[in-house]
Amino acid sequence: MKRCMASLWTPRVISYRQWHGYPPEGLHHSIFVQLMVDSQVSAVGFTIDPTSGDWGQIVLNSGWGIGEGIMGGKVNTDFYSIDKKVPLSEGVTASIRPKPVMHAFDSGTGAGTCQANVEPGKENVPTLDMRDLMTIRRMLLTLEEYWGMPRDIELAKDREGNIKIVQDRPVTALAGSVKAVGKITGREIDGAC
């Protein structure tokens, strides 16, 4: 906890604040502790295609297990592109890849994570079904509307099939120079944890 609090004064963070014009006075820092989701499937999604800048698309990468392998590029993922303007049944393009390994909780040590083999027979199975995609689409569009800007969101599907948002942030890297201005409306967002 002390190291986390002290991170407010690392050279990288000081440089970031200076670059964005934040004064050193009046800074507030907090630590957020969150219950870890026992993810059967993890995904990262964008409410804009960050490579093309297409505002009409939601893009998702999903894989078995916890998100560490996906975020670190250490495991193969399925890719989904969802058209925001048409019914889901007409607007999904999927690329299902072999997924022989995943990241999981390390049950051997009882702490941390490890790379594990995907259950036999699931290597080529899609990680998300149409119901999952409908839920994720609704959640992502709600967050984009709430903040008024494109979102970069990490998701986890637990053992009961519940999809949880584990991280939500603005998209920071886009093709070209697309920018948006956000606003907070105070409305609660269904599905956020």
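The values are calculated or read from the model by the stated rules, or taken from the named source; none is laboratory data. Here the structure is a predicted model, which means the values were calculated and not measured. Note that we place each Cβ from the backbone using ideal geometry, even for glycine, and neighbour counts take in every protein chain shown.
Brief remarks on what is shown
- Some residue of segment 13-20 being loosely packed, with under 10 Cβ neighbours inside 10 Å and more than 25 Å from the chain's Cα centre (by Cα): yes
- Qualifying residue in segment 51-64 (condition: touching a residue at least 24 places away in the same chain (Cβ under 8 Å), part of a loop (DSSP other than H, G, I, E, B) and either touching a Ser or Thr at 6+ places or on another chain (Cβ under 8 Å) or not assigned by TED's automatic domain parsing to the domain that holds THR142 (or both)): no
- Evaluation of GLU90 against (1) at pLDDT 85 or above; (2) of a type in the set (D, E, K, R); (3) outside the structural domain of LYS157 (by TED's automatic domain parsing) (one fails), failing number: (3)
- Residue check, GLN40 modelled with pLDDT of 85 or more and either more than 19 Å from LYS157 (Cβ to Cβ) or of a type in the set (A, V, I, L, M, F, W, C) (or both): no
- The set of residues in segment 40-81 being hydroxyl-bearing (Ser, Thr, Tyr) and crowded, with 18+ Cβ neighbours inside 10 Å consists of SER42, THR47, SER62, THR77, TYR80.
- With respect to the stated conditions, VAL33 fails to be in contact with a Gly (Cβ under 6 Å, 6 or more places away or on another chain), without any contact (Cβ under 8 Å) to a residue 60 or more places away in the chain and part of a loop (DSSP other than H, G, I, E, B).
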